[in-house]
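The values are calculated or read from the model by the stated rules, or taken from the named source; none is laboratory data. As the structure is a computational prediction, the values presented were derived from the model and not from experiment. A quick note on method: Cβ atoms are made from the backbone with ideal geometry, for glycine too, and the neighbour counts reach across all protein chains shown. Surface areas here come from the heavy atoms of the whole protein model, side chains and all, with no ligands, DNA or RNA. Shrake-Rupley method; radii C 1.70, N 1.55, O 1.52, S 1.80 Å.
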Amino acid sequence: MKTLLDTAQNPAHNSFIERNSEFIGDACHITGPQEVAAFIEQIRAQHPKARHVAFAAVWGEDDGSLGERMSDDGEPSGTAGKPILDVLRQNELTDCVVSVTRYFGGILLGSGGLIRAYARGAALAVQASQLATIVPCVVVTARVSYARLEIMRNLAASVGAQVAHEAFAENVTMTLDVPQEAVPLLQQRVQEQFNATVNLTLGEQVNRPVLQQAQ
């Protein structure tokens, strides 16, 4: 599965004109259904004169327990929300919401035209987004000196790990999200670099978006 990294404060955005109607796609990451309504209200507030703000959202883990929500927002049934949802499914996305705002241009598009237009609006928003692959990770902690901090950051980046948190005291306690398959390599590189003076503590296994483009 994949997700979007774009936030509600700075969503992915794109638009196009179809027979005088403007279709505006916006997309962002969510952590659950409670964030969907807030995002849609935000989009409505940005476009108070728009005729429709259709959307679809997907959330949950990649274990078959995905939740979904969609709305045609006044367009004929099945011509807006479902095409947007289909784009999310086709791209194997989760934990995201995509809205497509329509400013009506006075020309009717028909059911087929609406389906194509809303799908295109959603696809353009997804294409404009930052995509990440969700992979099984291990939460790893390491305590390093300030002199070694940048080296440890580089070692983490070299295996695709992400720095989740850094606590600064006498030393720096780093919390890393390390792709499960990369844990042995990180252990090896830390051993080689620091000669057993830095220890890694392995914690729980979690699913995390890895910050890499997922095409």
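Here are some notes:
- The residue of segment 21-48 that is least open to solvent (accessible area, probe 1.4 Å), among those that are assigned to a loop (DSSP other than H, G, I, E, B) and either at pLDDT 95 or above or within 18 Å of residue 81 (Cβ to Cβ) (or both), is 30.
- Being closer than 30 Å to residue 80 by Cα, open to solvent by 10 Å² or more (accessible area, probe 1.4 Å) and part of a strand (DSSP E or B) is not true of residue 141.
- Contacts under 8 angstrom Cβ, first residue in segment 10-34 being at positive phi, partner of a type in the set (Gly, Ala, Ser) and in a loop (DSSP other than H, G, I, E, B), 6 or more apart: 19/105; 20/105; 20/106
- Residue in segment 160-177 that is in a helix (DSSP H, G or I) and at pLDDT 95 or above present: no
- Consider segment 1-17 and keep the residues that are in contact with a Leu (Cβ under 7 Å, 6 or more places away or on another chain) and more than 22 Å from residue 210 (Cβ to Cβ). The one that is least open to solvent (accessible area, probe 1.4 Å) is 16.
- Set side by side, the residues 185, 176, 200, 149 differ, and just one is touching a residue at least 60 places away in the same chain (Cβ under 8 Å) and not β-branched (Val, Ile, Thr), which is 200.
- Segment 150-165 - residue that is surrounded by fewer than 17 Cβ atoms within 10 Å (Cβ to Cβ) and over 23 Å from the mean Cα position of the chain (by Cα) and, of those, farthest from residue 187 (Cα to Cα): 150
- Scope segment 59-81; condition touching a residue at least 40 places away in the same chain (Cβ under 8 Å) and open to solvent by 70 Å² or more (accessible area, probe 1.4 Å); matching residues: 61, 62
- Qualifying residue in segment 77-87 (condition: modelled with pLDDT of 95 or more and farther than 21 Å from residue 15 by Cβ): yes
- Identity of the residue in segment 82-105, part of a loop (DSSP other than H, G, I, E, B) and open to solvent by less than 60 Å² (accessible area, probe 1.4 Å), that ends up farthest from residue 38 (Cα to Cα): 105
- Failed condition for residue 121, given (1) in contact (Cβ under 8 Å) with a residue 12 or more places away in the chain; (2) open to solvent by less than 50 Å² (accessible area, probe 1.4 Å); (3) part of a strand (DSSP E or B); (4) not basic (Lys, Arg): (3)
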